[in-house]
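Report on the structure given below.
The values are calculated or read from the model by the stated rules, or taken from the named source; none is laboratory data. Just so we're clear, the structure is a prediction, and the values are computed from it rather than from any experiment. Every residue, glycine as well, gets a Cβ built from its backbone with ideal geometry; the counts of neighbours run over all protein chains shown.
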């Protein structure tokens, strides 16, 4: 006997994510889910953004399979940090964030940056309760990444291209990259930055401040 | 790697509906999986075998219907299945597309006794 089900497999996660979002909005916290491949510069971008957002109180959730290296680095800036070790899971899910929020002083922060596990596949499918999804791509990864990870590139609101200081040394066709991204994700806003030289960081931070004020 | 989490979620849905229908045994589940989700069919089957052990769904099979990445041209409205490294409208060559398929991830039905 066949039973019709027609149920979204991500339904349970989406429900918890909706609860997180409600709690975060109620606490007036603007939440950013930062996704990227390992080594694209997630932590560097988080650090640069904290600095550029001076005057705005930031909290950070660090997601890693193991270790507290990133959390320790971020904690040195004085902002509250919660580390999630997924113990093998390749992505953060809404449940992990719900638990982490219990340890985050939400009444003391305006912005929460969630650094997801380095991975361009799985995190795209798991909503966390965020206001903004940001993907950090980097020049050495190559301009063909939108074609290889369309799930991720279409899921995000912002694409930050990091390490643009390496453009003279790496084969990277900016026009091809932008065309691919804009073609499948017309709403995505693209920022080109270098965490090493600081180029482009202020433009990203200025835009981000506008989004935070708008909520 | 996210197949375990996804298989756990879908297995919960399967059991819930099987129990509701007072089924004695679950034979299979029909899934629709979008190509863009990156979910690997073999891994889902593998985890399903682990999770279903010693339950009424023991030995159940996953029938997975893969849904390709599909788009609609914003310029001329043509719908098409995208080709690798080639996101262009086959009718007018337009590059601004709306993604219309390939992100599905749902349980369509289950087969029970």
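If we keep just the residues of the stretch A:121-159 that are more than 13 Å from every other protein chain (Cβ to nearest Cβ) and over 30 Å from residue A:9 (Cα atoms), which is surrounded by the fewest Cβ atoms within 10 Å (Cβ to Cβ)? So the residue we want is A:140.
Rundown of residues vs (1) more than 11 Å from chain A (Cβ to nearest Cβ); (2) modelled with pLDDT under 95; (3) within 30 Å of residue B:22 (Cβ to Cβ); (4) in contact with a strand residue (DSSP E or B) (Cβ under 9 Å, 6 or more places away or on another chain), yes/no style:
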residue	(1), (2), (3), (4)
B:76	yes, no, no, no
B:92	yes, no, no, yes
B:101	yes, no, no, yes
B:104	no, no, yes, yes
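Look at residue B:82 and say whether it is within 11 Å of chain A (Cβ to nearest Cβ), within 15 Å of the chain's Cα centre (by Cα) and either crowded, with 16+ Cβ neighbours inside 10 Å or touching a residue at least 12 places away in the same chain (Cβ under 8 Å) (or both).
On the way: within 11 Å of chain A (Cβ to nearest Cβ): yes; within 15 Å of the chain's Cα centre (by Cα): no; either crowded, with 16+ Cβ neighbours inside 10 Å or touching a residue at least 12 places away in the same chain (Cβ under 8 Å) (or both): yes.
Criteria not met by residue B:82.
May I ask you to verify whether residue B:46 is surrounded by fewer than 16 Cβ atoms within 10 Å (Cβ to Cβ) and within 17 Å of the chain's Cα centre (by Cα)? Yes; evaluated as a whole, the condition is true for this residue. Restricting the stretch A:14-53 to residues that are within 14 Å of chain B (Cβ to nearest Cβ) and closer than 15 Å to residue A:100 by Cα, which is nearest to the chain's Cα centre (by Cα)? Going through the qualifying residues, I end up with A:17.
Condition test on residue A:92, is it crowded, with 21+ Cβ neighbours inside 10 Å, within 14 Å of chain B (Cβ to nearest Cβ), on the phi < 0 side of the Ramachandran plot and modelled with pLDDT of 95 or more?
Details: crowded, with 21+ Cβ neighbours inside 10 Å: yes; within 14 Å of chain B (Cβ to nearest Cβ): yes; on the phi < 0 side of the Ramachandran plot: yes; modelled with pLDDT of 95 or more: yes.
Answer is yes for this residue.
Tell me, yes or no, whether the stretch A:166-179 has at least one residue that is touching a helix residue (DSSP H, G or I) at 6+ places or on another chain (Cβ under 8 Å), under 30 Å from residue A:11 (Cβ atoms) and surrounded by 20 or more Cβ atoms within 10 Å (Cβ to Cβ). Scanning the stretch A:166-179, I find no residue that is touching a helix residue (DSSP H, G or I) at 6+ places or on another chain (Cβ under 8 Å), under 30 Å from residue A:11 (Cβ atoms) and surrounded by 20 or more Cβ atoms within 10 Å (Cβ to Cβ), so the answer is no. Look at (1) in a loop (DSSP other than H, G, I, E, B); (2) at the interface with chain A (Cβ under 9 Å from one of its Cβ atoms) and you find that residue B:9 fails only one, number (1).
Touching a residue at least 24 places away in the same chain (Cβ under 8 Å) and closer than 21 Å to residue B:35 by Cβ: which single residue out of A:173, A:116, A:185 fits that description? None of the other options fit; the residue is A:185.
In the stretch A:71-86 there is at least one residue that is in contact with a strand residue (DSSP E or B) (Cβ under 9 Å, 6 or more places away or on another chain), within 14 Å of chain B (Cβ to nearest Cβ) and within 26 Å of residue A:16 (Cβ to Cβ).
Quick one: which of B:4, B:31 is within 11 Å of chain A (Cβ to nearest Cβ), closer than 24 Å to residue B:103 by Cβ, at pLDDT 95 or above and under 18 Å from the mean Cα position of the chain (by Cα)?
B:31
On the stretch given as the stretch A:188-200, residues that are farther than 14 Å from residue A:138 by Cβ and in contact (Cβ under 8 Å) with a residue 60 or more places away in the chain total 1. Of all positions in the stretch A:54-65, at least one carries a residue that is at pLDDT below 95, surrounded by fewer than 22 Cβ atoms within 10 Å (Cβ to Cβ), part of a loop (DSSP other than H, G, I, E, B) and within 14 Å of another protein chain (Cβ to nearest Cβ). Of all the residues in the stretch B:56-67, those that are part of a loop (DSSP other than H, G, I, E, B) and loosely packed, with under 13 Cβ neighbours inside 10 Å number 1. The set of residues in the stretch B:17-34 being in contact with a strand residue (DSSP E or B) (Cβ under 9 Å, 6 or more places away or on another chain) and assigned to a helix (DSSP H, G or I) consists of B:17, B:18, B:20.
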